[in-house]
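Computed from the coordinates by the stated procedures, all read-outs in this text should not be read as laboratory data. Since this is a predicted model, take the numbers as computed values, not measurements. Positions of Cβ are backbone-derived with ideal geometry, glycine not excepted, and every protein chain shown enters the neighbour counts.
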Amino acid sequence: MKLYKPTTPARRGMSGIDFSKLTQKSPEKSLLKYVKRNVGRSASTGRITVRHKGGGVKKMYRVIEFSQTKMDVPAKVTALEYDPNRTAFIALIEYADKIKQYIIAPQDLKVGDEVIFSEKAQLNPGNRIKLKNIPVGTAVYNIELEAGKGGKIVRSAGSSAQVLAHDGDFVNLKMPSTEVRIFSGECFATIGMISNPENRFYRVGKAGKSRLKGRRPHVRGSAMNPVDHPHGGGEGRQPIGLKHPKTPWGKPALGVKTRKKKKWSNKLIISRRKKK
């Protein structure tokens, strides 16, 4: 973590991420892709469907290997890089046949290390193994929801799930949210905890930096008029005046369950996440 001297009011509360351990190189051109930005607008109508988005610095998308295209072939880590599209760092790996791929870098992975995608392998950070072959208590990330479909969950900086138990053809995992969930033992997961755990302490510090990230100003509902927001109105500075916070469209905002009651994966959840 980088802390700054309070040379300006913005610097006083600012904290940055330490990139000193990353490789000083340009991203791999063959793994870059241009993705059109909709900046909160619908692709069909052009109307704003997600508020407070727009602008931002242009960036290329890094093509990440979330699945396991080359099995039982070791690859060498040639670089650790920053990815502007995600909170975690990424690692560039190279196989013996000179094919290169980007993967999400786990904590403690170093340049020169070897990783492998296999049904069974050593429990080294970055190795990708089937859940049925991973011992209880191991930390994993980039987990498949369905076998062969690629990693879908636990992909943000500093996060990891824990293998709790093996039950026949299934494995119980404890999610970062504390939810306990059943997975097929045939699903793949990567060993370790995701890199850049200090991201949770990152503080932007000033509005201009937030605009560079593509975030437009967010106005408080209590600062609006009653016609514009359920929290608006009143003389002077007023609290929201309602029993529960609501969205601009009058829907409950905090502590409301949003998960569909008939979602297919409900049967795979053993215990719900703990409420804060």
Q. Going by how many other Cβ atoms sit within 10 Å of their own, how do MET175, MET1 line up, fewest first?
A. MET1, MET175
Q. How many percent of DSSP beta bridges within the chain run antiparallel, rounded to 5?
A. 95
Q: Between beta-carbons, use under 15 Å as the cut-off and find the net charge around CYS187, counting Lys and Arg +1, Asp and Glu -1.
A: +2
Q: Work out how much length SER184 to LYS213 would gain on full extension: take 0.36 nm times their residue separation and subtract the Cα-Cα distance, in nm to one decimal.
A: 6.7 nm
Q. How much net charge surrounds GLY150 when only other residues with a Cβ under 13 Å from its Cβ are counted (Lys, Arg +1; Asp, Glu -1)?
A. +1
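Mind checking the full-extension length gain between LYS53 and LYS243? Use 0.36 nm per residue of separation minus the Cα-Cα distance, one decimal, nm.
Numbers: separation 190, 0.36 × 190 = 68.40 nm, distance 2.94 nm.
Between LYS53 and LYS243, full extension yields 65.5 nm more.
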Q.
Using a 10 Å cut-off around each Cβ, can you sort ARG12, ARG62, ARG37 from fewest to most neighbouring Cβ atoms?
A. ARG12, ARG37, ARG62
(Q) Based on C-alpha coordinates, I'd like the Rg and Dmax of the range 124-276, in Å. (A) 21.0, 64
Q | Karplus-derived 3J(HN,Hα), 6.51/-1.76/1.60, for each residue of the range 141-146, Hz, glycine and proline x | A | 8, 6, 9, 7, 7, 10
Q | Spatial separation of Cα centroids for the range 1-58 and the range 65-93, in angstrom | A | 20
Q | Proximal charge balance of SER271 [Cβ under 10 Å; K/R count +1, D/E count -1] | A | +4
Q: State the volume of the convex hull built on the alpha-carbon positions of the range 1-71, expressed per residue in Å³ and rounded to an integer.
A: 207
Q: Output the direction-averaged projected area (hull surface divided by four) of the convex hull of the alpha-carbon atoms of the chain, in nm².
A: 19.0
Q) With the contact rule set at Cα under 8 Å and sequence spacing of 6 or more, what percent relative contact order holds for the chain? A) 17
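Packing-wise, with mean Cβ within 10 Å as the measure, how do 221-231, 44-54, 127-137 rank, highest first?
127-137, 221-231, 44-54
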Q: Can you tell me the relative contact order of the range 106-208? Whole percent, Cα pairs under 8 Å, sequence separation 6 or more.
A: 31
Q. Taking only DSSP H segments of four or more residues, each worth -39500 (n - 2.57), what value at 222 nm results for the chain once the sum is divided by all its residues, to the nearest 500 deg cm²/dmol?
A. -500 deg cm²/dmol
Q: Report the FRET efficiency, 1/(1 + (r/R0)^6), for SER42 and LEU3, where r is their Cβ-Cβ distance and R0 is 30 Å, rounded to 0.05.
A: 0.15
Q) For a label point 7 angstrom out from the Cα of LYS33 toward its Cβ, which stretches of the range 61-93 have the backbone nitrogen within less than 11 Å? A) 61-66
Q | Estimated FRET transfer efficiency (LYS21, LYS152; beta-carbon r; R0 25 Å; 0.05) | A | 0.35
